[in-house]
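Read-outs throughout are calculated quantities, based only on the coordinates presented, and are distinct from any laboratory measurement. Keep in mind that this is a model prediction, so the values were computed, not measured. Reconstructed Cβ throughout: ideal geometry from the backbone, glycine too, with neighbour counts over all protein chains shown.
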Amino acid sequence: MIRPAVRFGMALFVVGFLWSSTRAAPPLSERIDALVMAKANGRAASPLADDAEFLRRAYLDLAGVIPSVQEARAFLDDTDPGKRAKMIDKLLSGPDYPRRMAEFFHVMLMERRGDHAQWQEYLHSSFAQNKPWDQMAREILCGFSDSKETRGAPFFYSKRLERYGQNPADYPGLTRDVGRMFLGIDLQCAQCHNHVHIKDYKQADYQGLFAFFTNVYLNDPKMPSIGERPFTKKVEFVSVFGFTKKQTGPRVPGMKEIEVPNYKQGEEYARKPDNKKKDPGRLKFSPLSKLAEQVPQSDAFARNAVNRLWFLMMGRGIVHPLDLHHSKNPPSHPELLDLLAKEFVAHKYDIKWLLGEIARSQTYQRSSMLPENQKVFQPESFLTAHEKLIGAEQLMWSVLQATGELERTRQFAAGIDSLRSLFVKAFANPPKEPEIEFNPSLKGALFILNNNAVQQLLVPRPGNLVDRLSKLPDDKVAEELYLSVLTRLPTADEKSEVEDYLAQKTDRVKALQQLAWALLASTEFCVNH
Amino acid sequence: MKLCKPWEHNLSRRQWLGSVAAGLGGLSFGNLLQPAVADQLKKKNKQVLFIWLDGGISQLESWDPKPGTQFGGPLRAIPTSVPGIHISEVLPKTARQMHHLALVRSLCTKDNSHSAGVARIQRGDPKNRGVTYPFFGSAVAKLLGPGDSGLPPYIWIKPGSGGFKHQDAGFLGPKYGCLAFGDGKPPENLVLPNSISEEDNQARLLLRKKLDQRYAARRPKRSVEATGFVFDMAEQLRKRLDLFDLNKLPEKDRERYGNHDFGRHMLLARRFLEAGVTFVKVNSYGWDTHGDNFNAHMNMVPKFDQAFAAMIEDLVARGMLDNVLVICMSEFGRTPRINGHVGRDHWPEAWSLVMAGCGAKRGVVVGKTNDKGTFVTTEEYDIGHMFHTWFTLLGIDPNKTEYDNDGQPLPIAHPDCHVVKELIA
C-alpha cells in the first residue's frame, strides 16, 4: 500500500510532467475561465449560451452586425464541434471586423463630438492591418502625421481644440480625456486640488499632464492638423486649499517630469512653420512626441487597454467605471487584470489576438439567462452574460440585415450615410457622454415607432424580409421571421402566435409588417444579450 | 400632419398608471413609508410651477431693491398692490399682482458655483447620506403622483435641447426623471405614419410587449422595464400632441405672455398645468450677469415680468392658484458689490425668491436684509427651509414622510431645517 504522502508526491510529479511536456501554459481563454470561477464563491454560473445566442453575440461584437438568415441557418445546422472557434476566426479575419472596430473606437475616443473622413480612414486601415495598440496610441498622441496613412490621427486633438461659439478651446477637457482614454484615470476633479475622494489622483498629476498641451493649437480643422508652439514656461499652480505655489513641466502620471531643453528664440524649430502652406512646422523638442513615447510605457496603459477591450466583449470593465482605476476602486478580478495586461504586452499589444482569446473563453460564451433558481444579477461576477448596449451603428447595420435590405442599401454610399445620421441622432448619447450601458431613450422609441425610414425597410421589395415572408405559407413564416431578426428559432408558442395573428388579419402584408416591426422594436433585438 | 382625436384625450390617471405599471411596477408609492398618506395626497390634485432663472437673477434688480444706497445700482423701486412693499421698477406688471405673492428676502445658501449650485438647490441641499437626492420635480412627481393629464408627472420646458433626463431622479430611479421639451417643442417622430392606423398601432405594440415579457422571463428585468417605459411614454405623449399647438389659443393670450421664448414657454406651461401635469418647470437662461448687469436686467426682467404677471393673473382667474404652488428662483443671488465690468458676481449669502399659491400667505414679505443688501438681518433661510415649507403647502408633512431607499429611510427635507410658518396662510 502506498502511503498518502507518497501518493500526493506522485500526483505532483505527474502534473509537473504533463506541464513541462506540453511546455506551454494553457491558452489565455482557459486561464480567464479559471480566474473568473475562482472568484465565484460558490455562486452558480449561467450555462453556456446555445449556438444561436453565441452566434448573434459574436457577430455583434466582432462584425458589428447580426448574421444574415443564411449564415444563421448554416451555423445552427453545422454539426462540427469546433464550429464556435472557427466562427470566431472567421469573424476576426472577416471584412466587417475593421469597420466594427473603427466604429467602436471612434465612439469611445471621440464620444460623439463629430467625425472626419480622414480619421475614419485612419481607424479603418489601422484595424484592417491589426496595428498594435501601442503604435496606434503613439500615432494619435503625437498629434503629428507625415504619412498619408496616419493623416487622420490628429483628429483626436483637432476636434477637441475647436472652439464652440464663444467658448475657448477646452484644454482641461483634453487633458482629462487623454488621462481617461489612454490611462484609465479621470483627473478632472484634481484640476484645482488633490482629488477629495480619490487619494491616488493628485493635482500635480493633472497639471503635469496638462503641461503637455499648453502650447498646442488648432492649425487646420480640415486637414485635420494641429501645431505646437515652443515650450517656454512651466505650468504654475496653487491648490485652492493651500497657498504654496508649485510648478511642473510635462509629466505623465506615475513617471518622471520631462526635462525641457532650452533653445534660443528663433532656434526652436527643426522645420519652421509656413503659414501659406498651413504647415505648423516641427519643433526640435515636442512635448507631444514625448507624451506619445511615454504614455505606452506607463503600467496604466496596458491595464487600461485590456480593461476597455474586456468591456467591449463583456459589457463591463474588470475595473468599472472604465476611467476610474485607483486603489479605492479595485478590479473585480485583480489577477485576471494583471494576467490580461501581461499577456497583451507579451503579444505586442495585439488587439485581435486578445479579442479572440476572450471570445473563446467560456466566460464570454455564457448565456445572458440567469442560472436556474437565481433572481439576482451580479454584474461584477461575470458568471452571466451582460446585456450589452448596441451602439447606433450596430443597430443600423442590424436593422438592415434583419429586414433584408443590407445589400441593396450598401450599394449607395449616400443611402448608408443618411441612414447612419438618422440612427446616430436617435440612439447615440449626446456629445461627451460615454456610451457604456443599454439606456433606451424616448427619442429612440419614437424613431422606431414612427420614423418613415424604418417603415420603408418593411415595404416588400424583391428578396427582402417582408417579401420573403409574403411568399411563405403561414406555418413557415415564424421560422424565417425569427431567424432573420432575432437569430434564433421561434418556440412552439411563438410559432402559433404568428399563425394566429396571420389568420386574424385580412391584409397579410400589413400583418407581416407588424410582426416584423414588433421583433425589431423588442428589447431582445435592441440589446446584445 | 395627422393629429389625434378628442376622445383619445380622455385618458385617466388610472390608464396612465396601468400602462406604465405593466412595464415598471407603476409610478406607485412603492418606496414611501406611509402609503396611506400618499393615497390621500393623490386626491388633492396639487400642482407645482417651478420657474428657474438660470445663472442667478439679481435680487437688487428684482425682489429686494436698495435704491440710493452704496450698492443699489441705478434702478428705482416702485410701489406694489400691497402698501409698503416695493420691488424693482423693471417689474411693473408683477407689482400689480403683489397681493397674490409672497417674497422671501432672507435666503442664505451654501454654494456659489453654478455647476454644483443648480443641482444642490434643486435637490434641497440634503444632508450627505451617500445617496443622490432627487430634484424637487422628481420628488414631487414621486410624492404626488402623475395627476390626470395622461402625461408624465415632471415636465420641463426649456430653450435648447429636450429629451428624457433620468438623472434628475437620483435614488428614486429613472422613471421619476424629467421629460424636457427643448424650445417648447414636442420631440421628433411623434406622429404615426399615414400607413399605420390607430388599430394597427395598438396591435403591433401588443406584439412587442408580449415579446418583451417572454424575453424577461429568465433575465434581469431592468432592460425590459426601461424599454417598456420609453415606449409607454411615447404613446402617452402622442395622445397629447394637441397641447403643443399654441396657435389654437386666442391671439390675445399670446400677446399677454409676450412674443419671446420665455413668454411662449410660460404659455405652454399654463397649458400643461391646465391639462393636469403635476410638476412643470420652466427655464430661462442667461442671468449670470458678471458684466453689464444693469442693461442685462433692464432687457431681461421686463420679459420675465410680462409672462410671470400674466401667469399669476390667469391662475387666479381660473381658480387654480389655490392648488398650484408657484415658485420662482435661481441657484443664488448676485453680489451687492458692483465689479469692474459693471456686473454683479455670485452671492449666496443674502438673496430672494418669490412664491405664490397652494395655501401660501398672500401679499407678504418674509425676512429682511441690511441696508446695503449684503447680509440677512432676520433668521437666515436655507433651501432646506424652503423644501419644508413647499412640501407642507403641498400637504406632505416633511417631518413624517420619508423615502424608503431599498430599506434605508431618508427624510424628504433636511432635518436641521424647518417650515417657515410666516409663509403659510
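Which value results when the Cα radius of gyration for chain B is divided by 2.2 N^0.38 Å? Display every interim value, and only then the final one.
Working: Rg = 22.0 Å, N = 425, 2.2 N^0.38 = 21.9 Å.
Normalised by 2.2 N^0.38 Å, the Cα Rg of chain B equals 1.00.
Neighbouring Cβ atoms within 10 Å as the yardstick, rank A:Asp493, A:Asp61 fewest first.
Values: A:Asp493 10, A:Asp61 23.
Ordered by Cβ neighbours within 10 Å, fewest first: A:Asp493, A:Asp61.
Which order, highest average first, do A:249-258, A:72-81 follow once you tally other Cβ atoms within 10 Å for each residue and take the mean per peptide? Walk me through the intermediate numbers first.
Working: A:249-258: 18.3, A:72-81: 13.2.
Top of the packing list down: A:249-258, A:72-81.
What net charge is computed for the residues neighbouring B:His166, neighbours being all others with C-beta under 14 Å from the C-beta of B:His166, Lys and Arg scored +1, Asp and Glu -1? List each step's numbers first, then the result.
Working: positive: A:Lys443, B:Lys142, B:Lys165, B:Lys175, B:Arg222; negative: A:Glu433, A:Glu437, B:Asp168, B:Glu225.
The answer is +1.
In degrees from 0 to 90, rounded to the nearest 10, what is the angle of the helix A:392-402 Cα long axis to the longest principal axis of chain A?
Orientation of helix A:392-402: about 20 degrees from the principal axis.
HN-Hα J couplings of the stretch B:189-195 from phi, Karplus 6.51/-1.76/1.60, θ = phi - 60°, integer Hz, Gly and Pro as x?
Running phi through 6.51 cos²θ - 1.76 cosθ + 1.60 with θ = phi - 60° gives 6, 8, 9, 4, x, 4, 6 Hz.
Taking all pairs of distinct Cα atoms, average 1/r, flip it, and tell me the Kirkwood hydrodynamic radius of chain A in Å to one decimal place. Walk me through the numbers on the way to the answer.
Working: mean 1/r = 0.0387 Å⁻¹.
In chain A this quantity evaluates to 25.8 Å.
Considering only the other residues whose Cβ falls under 9 Å of the Cβ of A:Val107, what net charge follows from Lys and Arg at +1 and Asp and Glu at -1? Each step should come with its number before you reach the end.
On the way: positive: A:Arg112; negative: A:Glu103, A:Glu111, A:Glu393, A:Glu435.
Once positives and negatives cancel, what remains is -3.
Determine the equivalent ellipsoid of the stretch A:140-297 by diagonalising the alpha-carbon gyration tensor, then write out the semi-axes as square roots of 5 times the eigenvalues, largest first, rounded to whole Å. Provide the component values of the computation, followed by the final result.
Values: eigenvalues 145, 64, 44 Å².
That gives 27, 18, 15 Å for the three semi-axes.
So how do A:40-47, B:123-130 stack up, highest first, on mean other-Cβ count within 10 Å? Mind dumping the intermediate values first?
Values: A:40-47: 12.8, B:123-130: 16.1.
Averaged packing, sorted descending, gives the order B:123-130, A:40-47.
Please give the net charge around A:Phe212, taking every other residue with its beta carbon less than 10 angstrom from that of A:Phe212, where Lys and Arg add +1 and Asp and Glu add -1. Let's see the in-between values first.
Details: positive: A:Arg251, A:Lys290; negative: A:Glu228.
Around A:Phe212, the charge tally is +1.
Past the 19 angstrom mark, what percentage of all C-alpha to C-alpha distances in the stretch A:226-282 do you count? Kindly include the intermediate steps, with their values, before the conclusion.
On the way: 809 of 1596 pairs.
Here the long-distance tail beyond 19 Å is 51 percent of all Cα pairs in the stretch A:226-282.
Taking a ≥ b ≥ c as the square roots of the Cα gyration tensor eigenvalues, with a/c under 1.5 meaning rounded and otherwise prolate when a/b beats b/c, else oblate, which class fits the stretch A:92-144? Let's see the in-between values first.
Working: a/c = 1.84, a/b = 1.18, b/c = 1.56.
Because a/c hits 1.5 or more and a/b fails to exceed b/c, the stretch A:92-144 counts as oblate.
If you fit an axis through the alpha-carbon atoms of helix B:35-44 and take the longest principal axis of the Cα set of chain B, what angle between them do you get, 0 to 90°, nearest 10?
It is inclined by approximately 70 degrees.
Going by C-beta contacts inside 10 Å, put A:Thr150, A:Thr244, B:Thr377 in order with the fewest on the left.
Values: A:Thr150 22, A:Thr244 7, B:Thr377 13.
Least to most surrounded, the residues fall as A:Thr244, B:Thr377, A:Thr150.
Using alpha carbon centroids, what distance separates the stretch B:138-202 and the stretch B:81-119, in Å?
With the stretch B:138-202 and the stretch B:81-119 each reduced to a Cα centre, they are spaced 30 Å.
Given 4 °C and 1.567 mPa s, how large is the Stokes-Einstein diffusion coefficient of the protein assembly as shown in µm²/s, with Rh as the Kirkwood radius over Cα pairs? Before the final figure, lay out the partial values.
On the way: Rh = 31.3 Å.
In µm²/s, the coefficient rounds to 41.
When A:Val306, A:Val498, B:Val191 are ordered from fewest to most other Cβ atoms inside 10 Å of their Cβ, what list results?
Details: A:Val306 28, A:Val498 24, B:Val191 16.
In increasing order of surrounding Cβ atoms, one gets B:Val191, A:Val498, A:Val306.
Using alpha carbon coordinates only, what is the Rg to Rh ratio of the stretch A:429-479, with Rh defined as the Kirkwood radius?
Across the stretch A:429-479, the Cα-based Rg/Rh ratio is 1.19.
Once the convex hull of the C-alpha atoms of the stretch A:388-528 is built, how many Å³ does it hold per residue, rounded to a whole number? The partial results should precede the final answer.
On the way: hull volume 15.2 nm³, N = 141.
Hull volume over Cα atoms, normalised by residue count, gives 108 Å³.
How big is the charge dipole of the protein assembly as shown about its Cα centre, in debye rounded to the nearest 20, if each Lys and Arg gets +1 on its Cβ and each Asp and Glu gets -1 on its Cβ? Provide the component values of the computation, followed by the final result.
Values: 125 positive and 110 negative charges, 184 e Å.
Value, rounded to 20: 880 debye.
Using only atoms on other chains, find how many Cβ atoms lie within 10 Å of each Cβ of peptide A:493-500 and report the average. The partial results should precede the final answer.
Values: counts 2, 3, 0, 0, 4, 1, 0, 0.
For peptide A:493-500, the averaged partner shielding equals 1.
Sorted by mean Cβ packing within 10 Å, highest first, what order do the peptides A:290-298, B:157-165, A:272-280 take?
Sorting A:290-298, B:157-165, A:272-280 by mean packing, highest first, produces A:290-298, B:157-165, A:272-280.
Averaged over peptide B:222-235, how many Cβ atoms belonging to another chain are found within 10 Å of each residue's Cβ?
Details: counts 5, 11, 6, 2, 6, 10, 3, 3, 10, 9, 1, 4, 9, 3.
For peptide B:222-235, the averaged partner shielding equals 6.
Karplus couplings for the stretch B:396-412 from phi (6.51 cos²θ - 1.76 cosθ + 1.60, θ = phi - 60°), rounded to Hz, Gly and Pro as x?
For the stretch B:396-412, the Karplus-derived couplings read 10, 6, x, 8, 10, 8, 9, 7, 10, 8, 6, x, 8, x, 10, x, 7 Hz, x marking Gly and Pro.
For helix B:261-275, report the angle its Cα long axis makes with the longest principal axis of the Cα atoms of chain B; keep it between 0 and 90° and round to the nearest 10°.
Helix B:261-275 sits at roughly 50 degrees to that axis.
Can you give the mean number of other chain Cβ atoms that lie within 10 Å of the Cβ atoms in peptide B:185-193?
On the way: counts 0, 1, 6, 7, 15, 4, 3, 2, 7.
Mean partner shielding for this stretch: 5.
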